[in-house]
Structures are given as structure tokens and as C-alpha cells.
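Engineer: Below: one structure in C-alpha cells.
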């Protein structure tokens, strides 16, 4: 028993005193500072882990702040709804020579020409980049297909045909399927362009055909809770610390093995020199 007590007493002297509330719960004693060897490689790995952890933290924070978008498709159940059409075209002709006609799928004419505003302008104001085409109001993240496009007709009898595929779309924030007052009902479209010369007995012009798709695209912006964000940050930082620890162990082991080989090679060279001198 005396030998066991003496050995335990000697072993305890090699470790630091447990002072403080946090260190009292530490199951593994820490060595005293004089028994700890500080290396330059350990400091480099520490700096690398701090930098990588900071970069991954800001990346995770930006992803959480920006949120995620979920896209789902469903059958459009609405019987009818109003489709607002914003058209902004500059034609190199006199306003008096332009005629606007609108027809529905049944071939009936719609008196929509009066809703368009014709403003006289100069073509030189648009082709040199001073003018800007805008379809509707600006919105964050919206891509307007065909904006700023310039087409030239080589002759007087020419036809420009645009086929628009319109997809009803809803934007909302929250959970999928929740269409509260914050939901925005709008439309997305894709354009296919076709142009060519026509005969003199046909009507030249610019024709736009709308095809309403029977599907509904729902875009929901979601964001994880702050508690989930903290869990992800802890997982990321923990992974960096574990990877950095193993990287430090591997580099330290590689340096030790390389050092042994170099020392063995140096001792062999010195031994051969000594044998030669004794001869």
C-alpha cells in the first residue's frame, strides 16, 4: 500500500492542480506547462483550423440567412384568372402606321389597342444604348426574357413570330402548401422566336402567341430555425477540429519517420569515415 501511495503521489506531481469549476469536471488530468512541448507545426495547424472554421461559419451563416427555395409542380385547378400583359416595344415606324389587334383562342377580337400608349421617339435614342427596355416593374431576381433584343427586317414584307409558354407561378414564404396572404400569384414564361419573309399578299408584322400551361409551379422560400443553425455550426466546427487533429498527428508522425531516416543515414556516413581513418 505504501508503494502504491508513493507512486500515485509521484504521478500526481506531473499534472497541474484542478482549480476552478470547469476543470473540476475534467475526467482526464492535464499536464503541467513545463511538461508540454510546443511546436511550430502545431501553431500552423491551429491557425489553419481557425481560418477554415471561420470561412465555413460565414458560409453556413450566409446560406441560413438566404434560405432555400423548394419547387413543386401541381395541376392548375383555377378556372380562370386575369393575366396581366406588359408589352414594351420600339418600332421604327410612324405611330399612325401601326395597328394593334388582339384575338383570343376562339378568334374573337378584343378591343385592347386602346390600353396601349404610343409615344413618339427617335430610333437613335435606343440603338446607341441610352434607352432601356423594361417589361413591367423591377423585381428582385426576375429575369425578363427578350429584354434589350433588337431585330432588323431585311425587307418590307417580314414577319416576326413569338411563341410564349406561360406557367402560372406562386411565390410564398413558409411551408409548402401554405398560401396565405403573403403568397404572390404571378406567371413565368419561355419564348421561342421565329422570323422570315412573307409574300406580298400576306400581312407583315409582329405576332405574339400565348399558350397557358395547365400546371402550377409553387416556389416556397424556407429557412431553418436558429436552433438548427447552431447545431449545423457546431457540427461543422467539430468536424474541422477532428480533421485538424488527425492532420497534425499524421504530419508529426511523417516528420518523425523522416527524421529517423535522416539520422540513420548520417550515422552510417560517419561510421564509414571512422573506419577509413582507422585503416
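Engineer: Which of 104, 88 has the fewest other C-beta atoms within 10 Å, and how do the rest follow up to the most?
Structural biologist: Ranking 104, 88 by Cβ neighbours within 10 Å, fewest first, gives 104, 88.
Engineer: Which of 75, 237, 242 has the fewest other C-beta atoms within 10 Å, and how do the rest follow up to the most?
Structural biologist: The order, fewest Cβ neighbours first, is 75, 242, 237.
Every number in this text was worked out from the coordinates using simple rules, so none of it is lab data. All figures in this text were calculated on a predicted structure; none of them were measured in a lab. No Cβ is skipped: glycine too gets one built from the backbone with ideal geometry, and neighbour counts run over all protein chains shown.
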